[in-house]
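Written out below as structure tokens is the structure these notes cover.
The values are calculated or read from the model by the stated rules, or taken from the named source; none is laboratory data. Note that the coordinates shown come from a computational prediction; the quantities given were computed from them, not determined experimentally. Cβ coordinates were reconstructed from backbone atoms using ideal geometry, including for glycine residues, and neighbour counts include every protein chain displayed. For the accessible areas, the whole protein counts, side chains as well, though only heavy atoms, and no ligand, DNA or RNA atoms are used. Shrake-Rupley method; radii C 1.70, N 1.55, O 1.52, S 1.80 Å.
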Amino acid sequence: MRKALRWLLAFTVLIGMVSTAHAATAAQPQAADIKDRLLSIPGVSLIQEKPYPGYRYFVLNFTQPVDHRDPAKGTFQQRITVLHKDVSRPTVFYTGGYSVSTNPGRREPTQIVDGNQVSMEYRFFTPSRPEPADWSKLDIWQAASDQHRIFTALKAIYPKNWISTGGSKGGMTATYYERFYPRDMDGVVAYVAPNDVVNDEDSAYDRFFAKVGTKECRDRLNAVQREALVRREPLEKRYTEYAATEGLTFDTIGGLDRAYEAVVLDYVWGFWQYSLLSDCGSIPADAKSATDEEIWTSVDTISGFSAYADQGLAAYTPYYYQAGTQLGAPTIRFPHIERRYIRYGYQPPRNFVPRDIPMRFQQFAMGDVDAWVRHHARHMLFVYGQNDPWGAEPFRLGPGSKDSYVFTAPGMNHGANVAGLVADEKALATARILEWAGVAPAAVKADATQAKPLARFDAKLDVRDVEREPALRP
């Protein structure tokens, strides 16, 4: 009887515990919606949410200090976007180094790891610009600190591994972020990132243009470029008419003649940056016998005659400011053009920034980053295109770097990516990205050749645009 009573008492207690547990579970609130979680972060506000199958996509404002060294100097609103998949997935932190797109898009590492993506608009690109703008607060450390604050705020929501990435100026940005905040990210994938360590020594670019592609293609491009300067008078007449029709002005650069030469001198560089060797058939085969219309159209298609008008320069003022204060700007020689046809040569970034914005170049900023990469790079992958002029001065690894790589995609331009690498390098790069993100399958850990993106290619989400940016000049 006592045994039966003890059993009944134990059973009753057990039922009570189970009931209490169920009650406690029922009393717990359901996990907060991801939008609510994002908007609960101090300083975050919603601009809009856009639907996309399998994701939540948010365009947000994030309050940043104008000066991270002295937050009391004021704040500004910086745009970011969040492509949310799941908090259990890794997160890719992307910036192109310019304005941010407000349409859903997935960068290559995001597809590889099948993760979330946070994208940041670079400070001082409108509308992410303080008002009034203190341009002295536009530098690589301040921008890296922007990323650090965003990461710190979002890490609590996305606790898995983070990979930073970017192309061109964005690849540079990802590298600078790693240099200043090396403990934030679990890996870095920097695409086509220029590394102008010594601003006044640019012979690497001359060597590049002397051998890139084929002699036939180089000769075609050089001839058209020269012919555009030989025919300067009639083509500038057309340029004047074009500018009047389009409402273009040339106050910043100092006149239409300067703008015309700048566009023409960009021609060869622009072709190799954005085109492939197979596109050389579109270049006039005999420049001397080509019509003015053919020369104009070829130069306009590749360089764009609006590029150096005030209206074309305005959107890139922050870029030219940085080129003239820290990043440096390459210059090249034109041995195929007689000196009498070149009046200005490659013009300095100072000529592309309004004169009321003061600029002073910092000689050692890039040397510091370059030395850090050589001696401290960890979990960093640099990808370059064989025919991309920006790869003439790449980042290089040194004896202090660990688990880091520099790969070059054969025949590719400024749109080079992991998918364009030769098979063994493509597999290794993919495997390392998966490992750094903490999602490498066991088969990949055992054999890197088994590595492939975890998410299927999406024709809308994974558009591989070439990172388009104006040419850097000294």
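The figures follow:
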| read-out | value |
| --- | --- |
| Sites Asp206 and Arg149 - FRET efficiency at Förster radius 30 Å, r taken between beta-carbons, to 0.05 | 0.15 |
| Accessible surface, per residue, of the range 343-466 when the full set of protein chains is kept, probe 1.4 Å, Å² | 49 |
| Nearest-20 debye value, the chain charge dipole, Cβ charges on Lys, Arg, Asp, Glu | 2000 |
| Cα gyration tensor, the range 273-393 - rounded (a/c under 1.5), prolate or oblate | oblate |
| Global form of the range 123-253, assessed from the alpha-carbon gyration tensor, a/c cut-off 1.5 | oblate |
| Nearby aspartates and glutamates by direct alpha-carbon distance to Lys85 (threshold 17 angstrom, same-chain neighbours under 8 apart not counted) | Asp33, Asp36, Glu49, Glu108, Asp114, Asp458, Asp462 |
| Orientation-averaged projected area, Cα convex hull of the chain (nm²) | 29.4 |
| With every protein chain in place, the range 28-176: carbon and sulfur % of accessible area (1.4 Å) | 50 |
| Added length on full extension, which subtracts the Cα-Cα distance from 0.36 nm per residue, Thr214 to Ser289 | 24.8 nm |
| The range 324-396: chymotrypsin sites (Phe, Trp or Tyr not before Pro) falling in loop per DSSP and having at most 11 other Cβ within 10 Å | Phe364 |
| Value of relative contact order over the range 338-474, rounded to a whole percent, pairs C-alpha under 8 Å and six or more apart | 21 |
| Restricting the range 151-227 to chymotrypsin sites (Phe, Trp or Tyr not before Pro) in coil, as DSSP defines it, with at most 14 other Cβ within 10 Å | none |
| For the range 244-323, accessible area per residue (1.4 Å probe, heavy atoms of protein chains only), Å² | 37 |
| Spin-label proximity, Thr240 to the range 251-273 - amide N less than 20 Å from point 7 Å beyond Cα toward beta carbon | 251-264 |
| Selected from Asn199, Val463, Pro42, residue furthest toward positive end of dipole (the chain; charges at beta carbon) | Pro42 |
| Positive-end residue of Gly281, Ala309, Gly187, charge dipole of the chain with Cβ unit charges | Gly187 |
| In Å², nearest 10: area of Thr331 left accessible to a 1.4 Å probe | 50 |
| Relative contact order of the range 287-371, defined on C-alpha pairs under 8 angstrom at six or more residues apart (%) | 33 |
| Average Cα contact separation per residue, the chain, under 8 Å, 6 or more apart, as relative contact order % | 17 |
| Accessible area per residue in Å² at 1.4 Å probe, computed on the range 155-208 | 31 |
| Listed residue pairs exceeding 20 Å between alpha carbons, taken from Lys155/Lys426; Lys73/Lys137; Lys35/Lys460 | Lys155/Lys426; Lys35/Lys460 |
| Hull volume in cubic angstrom per residue (convex hull over the Cα atoms of the range 78-184) | 91 |
| Computed FRET value (nearest 0.05) for Ala32 with Ala446, which takes r as the C-beta separation and R₀ as 25 Å | 0.05 |
